[in-house]
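The values are calculated or read from the model by the stated rules, or taken from the named source; none is laboratory data. All values derive from a computational prediction rather than experimental measurement. Reconstructed Cβ throughout: ideal geometry from the backbone, glycine too, with neighbour counts over all protein chains shown. When the accessible area is computed, the model is the full protein with side chains, heavy atoms only, and any ligands, DNA or RNA have been set aside. Shrake-Rupley method; radii C 1.70, N 1.55, O 1.52, S 1.80 Å.
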Amino acid sequence: MDAMLRVNMTAQTINPETVKEEYKQLGGRGLIAKLMLDEVKPKCHPLGINSKLIFASGLLNGTIVSSAGRLSIGCKSPLTNGIKESNSGGIFANRMAQMGIKSIIIEGKPEHPTLYILIIYKNRFKLVNADEYQGKGVYETAGQILQSYPDAAIACIGPAGEKFYKSAGVAVTDSNGTPSRFCGRGGIGAVMGSKGIKAIIIPEKGKVDIYDTDNFKSSLNKYSDILKEAKSTKSYKNQGTAALVKRVYHLGGLPINNFSCDTSLDWNKISGETMINNIKNRGGEGKINHACMPGCLVQCSNVYVDKNGKTIVSPLEYETIALLGSNLGIWDLDSIAILNYECNDIGLDSIEIGNSLGVALEAGVASFGDYEAIHQLFKEIRQGTPLGRILGNGARTTGEVYGLVNVPEVKGQGFPGYDPRAIKGMGVTYATSAMGADHTAGPTARSEVQHESPEGQSELSKKMQVLLPLFDCTGLCLFTVGAVGPNPDLVLELINYRFGWKLDLDWLHKMSIETLRMEHLFNQQVGFATNNRLPEAFTERPLPNLGTVFDVPDDDLDRVITQLSG
């Protein structure tokens, strides 16, 4: 990759810069962490003139490596007030790399409240006025852009980002041009909105240079064969992430009614099996094995349809089923899918807004299971009413306004769909990750351990937290773990043959460790490094049927932080 693109929204300038030597072997999440330490004032306001929004491509982005098209976006989070990296699938990251762009650094703010679209061609760039898109959802925004630029890769925000909601994400188009792949967590959409950027588009396709084509192809063939045969690949291909509904429910960790109970006879109504049966039986536009990026062998995505075979939303994922479904007392996949579409179009993180709504329902704003009332709350969020703004600014804000103790968040970020009283390794990740409550920072729910026991959970979480940057820095999807986990040498070969480097496995490990160290260092400089505990509602209040609380000892949590922060 040839350049780092610096976009100054105050001066309205776009300048490609030569990649510094210390950045050349960094990608994705690791590059974001380094740039944040080098360029961002830790105590700046996340939506202020000194903040920066960073798009970073992974080391294998732009190649034909299966599932290597993940995009990383990072900033100082308005939700957690610390460092944030959020990533998604789709086609944007590959296009970035193919244009020779290693990173896009957006800084400053427009002097006047104006929206812009940033257009990136191979060797030229421009900002164009986008006020005509103000207030429009991501589906309409992307649809109109694609009329003018039919092959464009798009990253855009909806009304949530324009209103600077802390739950706002960035929507990325997939292989079909659908803007439903979200860099959702941490409020990065609000930061993009604060910079005056409605969308970034890359109209052209390109190709990256491979240093050693023959050896790269040989390693790629081995990687592809292993990926196709991996047990995890077959599982994701069968039901996608929705398979987790059954597993997490039987572990007692499915969030129900604002994480207040752990059982329901209705869980099977929203299971992966039910979702797949609905898609198969309804036919039409429905798809089970759907790829969010070209050439993906995992194909974990789906197109969920109504009873007439017309698309409601794509994809319908576990986290959304859990947070906009069971967590709100909704046990109907069609209803969840409609809420999912609304959430996407407004440009919201379904995890954060699901937590906000759960807290609001417990406070009596509406009743659990009242789909019509909950649907109306999305209209409040879209319109920016006082209630809508409260909900749009996350679970912590909602809990503070309504005076609730039962608020599922760490560092201001709402829990993903795993109750830490039942799946305690996830609780360790929530508490000790620099990102706040983020399942992708160190997922443990699929591990074969005694999840309700506190024993060994800190070590499991630490192991997964060290593993994850390997994916986030290279642009690989986490769902390649069945192939990549046992075979990191193959990933290293692909990187070396791609660039002509001679790195060893020790470098790969150090890359992960250094990424984590830099993230924790940034948070230490912000000044909230001690906020590494779960709320009392989860350490003191037992799950009704399991009778468990989150009881991993504080010393274990502190030990993980010490080891990860170096």
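What to note about this one:
- One residue stands out in region 413-432 among those that are in a loop (DSSP other than H, G, I, E, B) and under 16 Å from the mean Cα position of the chain (by Cα): the one that is surrounded by the fewest Cβ atoms within 10 Å (Cβ to Cβ), namely PRO416.
- Region 40-60, residues that are under 16 Å from GLY82 (Cβ atoms) and either open to solvent by 10 Å² or more (accessible area, probe 1.4 Å) or part of a loop (DSSP other than H, G, I, E, B) (or both): VAL40, LYS41, PRO42, LYS43, CYS44, HIS45, PRO46, LEU47, GLY48, ASN50, SER51, LYS52
- PHE471 satisfies every condition listed in (1) over 30 Å from ASN94 (Cα atoms); (2) crowded, with 20+ Cβ neighbours inside 10 Å except (1).
- Scope region 143-163; condition part of a helix (DSSP H, G or I) and open to solvent by less than 10 Å² (accessible area, probe 1.4 Å); matching residues: ILE145, PRO159, ALA160, GLY161
- Residues that are open to solvent by 30 Å² or more (accessible area, probe 1.4 Å) and in a loop (DSSP other than H, G, I, E, B) were ranked within region 122-132; the one that is nearest to CYS292 (Cα to Cα) is LYS122.
- Complete set of residues in region 76-99 that are at positive phi and either under 15 Å from the mean Cα position of the chain (by Cα) or open to solvent by less than 10 Å² (accessible area, probe 1.4 Å) (or both): GLY90
- Residue-level analysis places ALA33 outside the set of residues that are among the small types (Gly, Ala, Ser), crowded, with 17+ Cβ neighbours inside 10 Å, out of contact with any Lys or Arg (no Cβ under 9 Å at 6 or more places or on another chain) and under 30 Å from GLU352 (Cα atoms).
- For region 287-323, the candidate set comprises residues that are over 24 Å from the mean Cα position of the chain (by Cα) and of a type outside the set (S, T, N, Q); within that set, the residue that is farthest from GLY354 (Cα to Cα) is GLY309.
- The combined condition, being open to solvent by 10 Å² or more (accessible area, probe 1.4 Å) and of a type outside the set (Asp, Glu), is fulfilled by GLY384.
- Residue check: MET518 meets all listed conditions (1) more than 25 Å from SER88 (Cα to Cα); (2) touching a residue at least 12 places away in the same chain (Cβ under 8 Å); (3) not acidic (Asp, Glu) but one, namely (1).
- Positions within region 433-457 being more than 18 Å from the chain's Cα centre (by Cα) and open to solvent by less than 10 Å² (accessible area, probe 1.4 Å), in sequence order: HIS451, GLN457
- Residue check: ILE338 meets all listed conditions (1) hydrophobic (A, V, I, L, M, F, W, C); (2) touching a Phe, Trp or Tyr at 6+ places or on another chain (Cβ under 9 Å); (3) buried (at least 22 other Cβ atoms within 10 Å of the Cβ); (4) within 20 Å of TYR139 (Cα to Cα) but one, namely (3).
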